[in-house]
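Read the figures in this text as sums done on the coordinates, not as results from a lab. Computed from a predicted model, the values in this text were never measured in an experiment. Here Cβ is always computed from backbone atoms with ideal geometry, including for glycine, and neighbour counts include all displayed protein chains.
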Amino acid sequence: MKCNECEGKGKTDCTDCEGEGTIDLDCEKCVGEGTVRESGLTIRCPECNGEGRVSEDCPECNGEGQKECEACGGSGEE
């Protein structure tokens, strides 16, 4: 019988990244502000392009967006 949780696929969307494969974090260089001080001037942060956030591969699913189904252990069957 097919697993109800993963519909027989053996994998489910990662709950940490909601199936996207990436997570957004505050930029370390500008601490989420989007700007940095350089030579006495305030400029757009070059690391995050002024966004204040950077995307990284989700550590929980290694950037895949899916994880092994916990209900069936990845077999796809109940």
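Some points to look at:
- Identity of the residue in segment 1-20, in contact with a Cys (Cβ under 6 Å, 6 or more places away or on another chain) and part of a loop (DSSP other than H, G, I, E, B), that ends up nearest to N49 (Cα to Cα): C17
- Conditions (1) part of a loop (DSSP other than H, G, I, E, B); (2) farther than 30 Å from C6 by Cβ; (3) of a type in the set (S, T, Y): number failed by S75: (2)
- Once segment 55-72 is narrowed to residues that are of a type in the set (D, E) and surrounded by 13 or more Cβ atoms within 10 Å (Cβ to Cβ), the residue that is nearest to C3 (Cα to Cα) is E68.
- Residue check for N62: touching a residue at least 60 places away in the same chain (Cβ under 8 Å) and not small (G, A, S): no
- Within segment 51-62, being over 12 Å from D24 (Cα atoms) and touching a strand residue (DSSP E or B) at 6+ places or on another chain (Cβ under 6 Å) holds for one residue alone: C61.
- For segment 44-54, the tally of residues that are surrounded by 15 or more Cβ atoms within 10 Å (Cβ to Cβ) and either among the hydrophobic types (A, V, I, L, M, F, W, C) or not in a loop (DSSP other than H, G, I, E, B) (or both) stands at 3.
- Just so you know, in segment 8-43 the residues that are surrounded by 12 or more Cβ atoms within 10 Å (Cβ to Cβ) and of a type in the set (V, I, T) include one that is farthest from C72 (Cα to Cα), and it is I43.
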